[in-house]
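Everything below concerns the one structure shown next.
The values are calculated or read from the model by the stated rules, or taken from the named source; none is laboratory data. Everything numeric in this text was worked out from a predicted model, so none of it was measured. Note that we place each Cβ from the backbone using ideal geometry, even for glycine, and neighbour counts take in every protein chain shown. We work out accessible area using only protein heavy atoms, side chains counted, and drop any ligands, DNA or RNA first. Shrake-Rupley method; radii C 1.70, N 1.55, O 1.52, S 1.80 Å.
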Amino acid sequence: KKFKKPNIEEKKALENLIKKLKKIDENLKPEEIQTHVYSVGKENGYEKNLRDWFKLIYEVVFGEENGPRMGFFISFFGLNETIKLISDKIK
């Protein structure tokens, strides 16, 4: 595994993802959570290539270029646990 250290813009985008996750209902369906993750990517400069947005998340959080569908991961792993995981990785 090779964990990526995010640059300033990438860190800001991931912090915005954390802010969004803190506002959503933990009872949302995985597809609805996925939509929120997409929207944060679009709002943070990844609207032309969302693949890069997910690649950033995977490299920072999981240390790999590919990973699970984030909506399903978050619903399975837990909203608060995912927020803590991302927070710990960007510090």
Among the residues listed as Tyr46, Tyr58, the single one being open to solvent by less than 30 Å² (accessible area, probe 1.4 Å), aromatic (Phe, Trp, Tyr) and without any contact (Cβ under 8 Å) to a residue 60 or more places away in the chain: Tyr58
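What's the total number of residues in segment 1-36 that are in a loop (DSSP other than H, G, I, E, B) and among the small types (Gly, Ala, Ser)?
Our first condition is that a residue be in a loop (DSSP other than H, G, I, E, B); within segment 1-36, this holds for 1-7, 24-29.
Remaining after also requiring among the small types (Gly, Ala, Ser): none.
Looking only at that region, the number is 0.
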Criterion violated by Glu65 - all others in (1) of a type outside the set (Ser, Thr, Tyr); (2) surrounded by fewer than 17 Cβ atoms within 10 Å (Cβ to Cβ); (3) in a helix (DSSP H, G or I) satisfied: (3)
Selection status of Ile83, surrounded by 15 or more Cβ atoms within 10 Å (Cβ to Cβ), out of contact with any helix residue (DSSP H, G or I) (no Cβ under 6 Å at 6 or more places or on another chain) and of a type in the set (A, V, I, L, M): no
Filter pass, Leu14 being without any contact (Cβ under 8 Å) to a residue 60 or more places away in the chain, open to solvent by less than 80 Å² (accessible area, probe 1.4 Å) and under 20 Å from Ile90 (Cβ atoms): no
